[in-house]
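Written below as structure tokens is the structure these notes are about.
The values are calculated or read from the model by the stated rules, or taken from the named source; none is laboratory data. As the structure is a prediction and not an experimental result, all values here were calculated from the model. Neighbour counts are summed over all protein chains in view; Cβ atoms, including those assigned to glycine, are modelled from backbone coordinates with ideal geometry.
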Amino acid sequence: MTSENISRIPAIRLYHNNPPSHHNISGIVDYCTLMSAAGMPSENRYTTKEILDLIASHKLLNFIPGDLNLDSNSGYFLLGEIVNRFPVNH
């Protein structure tokens, strides 16, 4: 997968130089934290678009990418979105 393909996912465009990785060093804020700050009840169900929009709407990172290793549900969510949008063809 090329970075061009990854950047077609709107929430990742903001982070095109430091896309989320399995090491959780991206600095992207956890979407559960963003939901709480926005008053979105965690027991509700949200669409993929709603979560992507929430992640994309937050312009600041938790830390400079690579400075820390901090788990982020946003990173896992975005990785899952990449896998769903660009499946491996065997």
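So which residues in region 39-90 are among the aliphatic types (A, V, I, L, M) and either in contact with a strand residue (DSSP E or B) (Cβ under 8 Å, 6 or more places away or on another chain) or loosely packed, with under 11 Cβ neighbours inside 10 Å (or both)? Quick ask: steps written out before the conclusion?
Quick first cut of region 39-90, residues among the aliphatic types (A, V, I, L, M) only: 40, 51-52, 54-56, 60-61, 64, 68, 70, 78-79, 82-83, 88.
Correct list: Leu60, Ile64, Val88.
Among the numbered conditions (1) within 11 Å of the chain's Cα centre (by Cα); (2) modelled with pLDDT of 80 or more, tell me where Pro41 comes up short.
Condition not satisfied by Pro41: (1).
Take the residues in region 52-67 that are aliphatic (A, V, I, L, M) and more than 9 Å from the chain's Cα centre (by Cα); name whichever of them is farthest from Thr33 (Cα to Cα). It would help to see each step written out before you state the result.
Let us first name the residues in region 52-67 that are aliphatic (A, V, I, L, M), namely 52, 54-56, 60-61, 64.
Keeping just the survivors that are more than 9 Å from the chain's Cα centre (by Cα) gives 54, 60-61, 64.
Working: Leu54: 11, Leu60: 13, Leu61: 12, Ile64: 18 Å.
The selected residue is Ile64.
What pairs come out if I take residues in region 68-81 that are within 10 Å of Cys32 (Cβ to Cβ) and pair them with residues that are small (Gly, Ala, Ser) and assigned to a loop (DSSP other than H, G, I, E, B) whose C-beta lies under 9 Å away, six or more apart or interchain?
These pairs meet every condition: Ser72/Ser26; Ser72/Gly27; Ser74/Ser26.
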